[in-house]
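All remarks here apply to the structure that follows.
The values are calculated or read from the model by the stated rules, or taken from the named source; none is laboratory data. Predicted model only: the values in this text are computed from it and were never measured. Virtual Cβ from ideal backbone geometry, glycine too; neighbours counted across all protein chains shown. When the accessible area is computed, the model is the full protein with side chains, heavy atoms only, and any ligands, DNA or RNA have been set aside. Shrake-Rupley method; radii C 1.70, N 1.55, O 1.52, S 1.80 Å.
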Amino acid sequence: MEYTSADFGVHWPVQTRWTDNDMFGHLNNAVYYQLFDTAINAWIGRRAGVDAMAAPWLAVVAESSCRYYAELQFPADLVVGLAVTRLGTSSVTYRTGLWAAGDARPAAGLNARPAAGLNTRPAAGLNTRPAAVGSWVHVYVDRQTRRPVPIPEAVRALLQSAVHDATPD
């Protein structure tokens, strides 16, 4: 399936760093995963008011994947798209996407960074292809026992706001 920015209800700005390029002059493939992880955790932390270092639970990555469509490189302002595609009792599956914010080819229309809300829908009719699309599964576990726990209510409410093409429990 070909995804566009409309398939991601959350658009989170991120930036590349000097060390992100590899010897081939583009972002190393592992950096895409770091950017997805950064956007997911920053979005939850800011929007659900979660202090990940103090919470009695952790969201651990149980599975991830990424398909690459275009090269990205430093320096660049990027946008990570997030959509919740499955929301279980203790786990959540995200669809992730990555665009170059100022590049008209893969990301026309995403150049303007949203203000503090950062949870915006793309303009009507926007049809852009991401440079990468991934999948990310978090399982919520007790910080001490590492056993699964229900997704905290504040986090669950936020995740429900980003459900798109979800699979029922």
- Query: Pairs under 8 Å by beta carbon, first residue touching a residue at least 24 places away in the same chain (Cβ under 8 Å) in region 24-40, partner assigned to a helix (DSSP H, G or I) and surrounded by 14 or more Cβ atoms within 10 Å (Cβ to Cβ), six or more apart or different chains?
  - Reply: 27/20
- Item | Set 84, 92, 61: member being closer than 14 Å to residue 33 by Cα, β-branched (Val, Ile, Thr) and in contact with a helix residue (DSSP H, G or I) (Cβ under 9 Å, 6 or more places away or on another chain) | 61
- Message: Could you check region 30-59 and list, in sequence order, the residues that are open to solvent by 70 Å² or more (accessible area, probe 1.4 Å) and of a type in the set (A, V, I, L, M, F, W, C)?
- Response: 53, 54
- Of the residues in region 1-58, those that are part of a strand (DSSP E or B) and under 20 Å from residue 70 (Cβ atoms) come to 11, 12, 13, 14, 15, 21, 27
- Task: Tell me, yes or no, whether region 76-97 has at least one residue that is part of a loop (DSSP other than H, G, I, E, B), open to solvent by 70 Å² or more (accessible area, probe 1.4 Å) and not acidic (Asp, Glu).
- Result: yes
- Message: Kindly evaluate residue 62 against the criterion of being modelled with pLDDT under 95, open to solvent by 60 Å² or more (accessible area, probe 1.4 Å), out of contact with any Asp or Glu (no Cβ under 6 Å at 6 or more places or on another chain) and under 30 Å from residue 26 (Cβ atoms).
- Response: no
